[in-house]
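J.: Pasting a structure below so you can have a look.
The values are calculated or read from the model by the stated rules, or taken from the named source; none is laboratory data. None of these values were measured; they are calculated from a predicted model. Quick reminder, even Gly has a Cβ in these numbers, built from the backbone with ideal geometry, and neighbours come from all protein chains shown. Surface accessibility is based on the protein's heavy atoms, side chains included, excluding ligands, DNA and RNA. Shrake-Rupley method; radii C 1.70, N 1.55, O 1.52, S 1.80 Å.
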Amino acid sequence: MAILQLSITLAMFFLQLLSGAHSSTFSIVNKCSYTVWPGVLSGAGTPQISPTGFALQPGQSTSIPVPTSWSGRIWGRTLCTEDSSGKFSCLTGDCGSSTLECSGGAIPPATLAEFTLNGAGGMDFFDVSLVDGYNLPMMISPQGGTGVNCTSAGCAADLNGDCPMELKVVYGSEGVACKSACDAFGDPQYCCSGAYATPNTCKPSTYSQFFKTACPTAYSYAYDDGTSTFTCTGADYVITFCPSPSTSVKSSNPMAVDISSTGSQPTSSAFIGGAITTTLAVFWQLRHLF
């Protein structure tokens, strides 16, 4: 059995070499005026990236080599602290690991950068999703790739201040995140579930349109594929938090924030997408791996 598994692994390796599959580099940049703690979640069955969580001070950046055919998510955690027992937690984007590194995904609301590299046709598929809500501005910018849809995507706007009150997450007197309508109300028409589980039955809502108007190239609801999924071949990627300088989650000493009494938060909503073309259908299936 071990010999068979080794043979399969070697065969996949040589197929990737023959196909000229590109191994990308992610450059993660923090242009916010506050500390951001990025989290990384690799998709099931894909190589893992290390580290899975770290801190970026304002103005800092780091580069991560990404395995060929990797799929996964990257997001930013804010207002994080470590209590006297050593438990690490964040007010937004927390991954529930109680440590700096993550072993699971972001608890919504959180802005998500999502990737499937070397997918159908050897293309990279990427998007910035607000399907699970929003906590900070984020953009993906491909570097050196090719393709008709190989362009920057995401959400550069600061939505926390203008977030509808029924969706707003408030810390003190300040909005620090913005829930999705699905997370806030649990209604199938907002969650694209039950009788609303197809592109024909799940339509944009006034809440998803709030996100889409502010961030036209980001996913605003589950079946927002047509203007929200981007593709490149042979690219590296820059993931920027607060591409336009933002002070909406400003804290002069973010590690002093006490979030021990925030209570439990809802688990992440299903990460889904519709299929409007054969290529997008493949990407949609891959997205369900998370």
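J.: Could you let me know the centre-to-centre spacing of the stretch 166-243 and the stretch 60-121, using Cα atoms, in angstrom?
T.: The distance from the Cα centre of the stretch 166-243 to that of the stretch 60-121 comes to 18 Å.
J.: Another one. Sort the following peptides by mean Cβ neighbour count (other Cβ atoms within 10 Å, averaged over residues), highest first: 84-96, 218-230.
T.: Per-residue Cβ counts within 10 Å, averaged per peptide and sorted highest first, yield 218-230, 84-96.
J.: Sort 43-49, 70-76 by packing, meaning the average of other beta carbons within 10 Å per residue, with the highest value first.
T.: 70-76, 43-49
J.: Please give the FRET efficiency for Gln143 paired with Ser97, using the beta carbon to beta carbon distance and R0 = 25 Å, rounded to the nearest 0.05. It would help to have the intermediate numbers written out before the result.
T.: On the way: r = 30 Å, r/R0 = 1.22.
According to the calculation, E is roughly 0.25.
J.: Also, I was wondering about something else. With the Cα gyration tensor of the stretch 33-84 in hand, convert its eigenvalues to equivalent ellipsoid semi-axes via √(5λ) and list them largest first in whole Å.
T.: Here the semi-axes work out to 24, 13, 8 Å.
J.: Ordering Val170, Val148, Val128 by accessible area with a probe of 1.4 Å, largest first, what comes out?
T.: Final ranking, largest accessible area leading: Val148, Val170, Val128.
J.: Additional query: How far apart, in nanometres, would the label points at Ala44 and Thr213 be if each is projected 7 angstrom from Cα along the Cα-to-Cβ direction?
T.: 3.9 nm
J.: Compute from the Cα atoms of the stretch 16-108 the Rg and the Dmax, the latter being the longest Cα-Cα distance, and quote both in angstrom.
T.: Computed over the Cα atoms of the stretch 16-108, radius of gyration and Dmax are 14.5, 53 Å.
J.: Between Ser85 and Phe185, what is the label-point separation in nm under the 7 Å Cα-to-beta-carbon projection?
T.: The answer from the label model is 3.8 nm.
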